[in-house]
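Enquirer: Take a look at this one; I'll ask things after.
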Amino acid sequence: MHKTVTSNKELTPAVDLAKCRTILAKHPGATSADLIPILQQMQDAYGYLPQNALEEITASTRIPLSKIYGVITFYSQFSLEPRGKHTIKVCVGTACHIKGAPDIKKKNYRSTPYSRGGDDKRL
């Protein structure tokens with residue numbers, strides 16, 4: 001299932017593209033098959049996938065921005081917004097549900113100052 005995407009151009013400031021260009025230089029002649037490793041390296045470098053870095057990927061690889069967004073929104077590992085240092089995820093599959101995942105989620109939300117999908121910039 002794809003995540004809903006709105007343009008993050010207004011939400012996130014432009015970043016220095018030096019890291020982006022270094023990563024892309026490691027992938028000369030990159031094709032669609034190289035996209036996921038490139039995105040993973042970009043996210044490791046920046047902590048998220050900045051809009052101007054995505055545009056740089058498009059310019060360098062000729063992979064359409066729409067295809068890049070399709071990959072980003074399909075995989076939950078990718079983020080278009082900066083994330084906190086630590087991420088808490090609770091399995092919501094059937095087996096986890098049976099084993100008590102809803103209770104774990106409730107306790108987690110009560111014991112932390114965050115809402116679902118929230119982030120605390122102090123951490």
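Every read-out reported here was derived from the displayed coordinates using simple, explicitly stated rules and does not represent laboratory data. Just so it is clear, the structure is predicted and the values come from calculations on it, not from any experiment. Please note: Cβ atoms are built from the backbone with ideal geometry, for glycine as well, and neighbour counts cover all protein chains shown.
Enquirer: For the stretch 81-90, what does the Karplus curve 6.51 cos²θ - 1.76 cosθ + 1.60, with θ = phi - 60°, yield as ³J(HN,Hα) per residue in whole Hz, taken in order and with x for Gly and Pro?
Expert: Running phi through 6.51 cos²θ - 1.76 cosθ + 1.60 with θ = phi - 60° gives 10, x, 10, x, 5, 10, 10, 10, 10, 10 Hz.
Enquirer: Counting only other residues whose beta carbon sits under 11 Å from that of Pro37, what net charge do I get with K and R as +1, D and E as -1? Mind showing how you got there, number by number?
Expert: On the way: positive: Lys26; negative: Asp34, Asp44.
Residues near Pro37 contribute -1 overall.
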